[in-house]
1. Quick one: if you stick a label point 7 Å off each Cα along the C-beta vector at residue 63 and residue 83, how many nm between them?
2. Rank-order 36-45, 57-66 by packing density, defined as the average count of other C-beta atoms within 10 Å over each peptide's residues, highest first.
3. Listing 34, 84 from the residue with the fewest other Cβ atoms within 10 Å to the one with the most, what is the order?
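Values quoted throughout were computed directly from the atomic coordinates according to the rules given, and no laboratory measurement underlies them. Just so it is clear, the model here is predicted, and its values are computed rather than measured. Here the Cβ positions follow ideal geometry from the backbone for every residue, glycine too, while neighbour counts run over all protein chains shown.
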């Protein structure tokens, strides 16, 4: 598996990895990518470490699973068929 922080990626530089935490200024966030190439599944975590049981709700939509914490905040997402969804810069 490959793990990489994508804060320096072209997506981050183009402002595609920016979330708003409320009415304040948007701030760039670092996401962490784990990619299991054998099964072609990637996990994009919004925070560095997600402890077991922290994700209390999952939403499944086609080939994507969204994990949410008890506050309703997105913790991460799992992508099936990751090789076809990642931009070439992320295919390490």
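1. Inter-label distance under the simple model: 1.1 nm.
2. My ranking of the peptides, most packed first, is 36-45, 57-66.
3. So the residues, fewest neighbours to most, are 84, 34.
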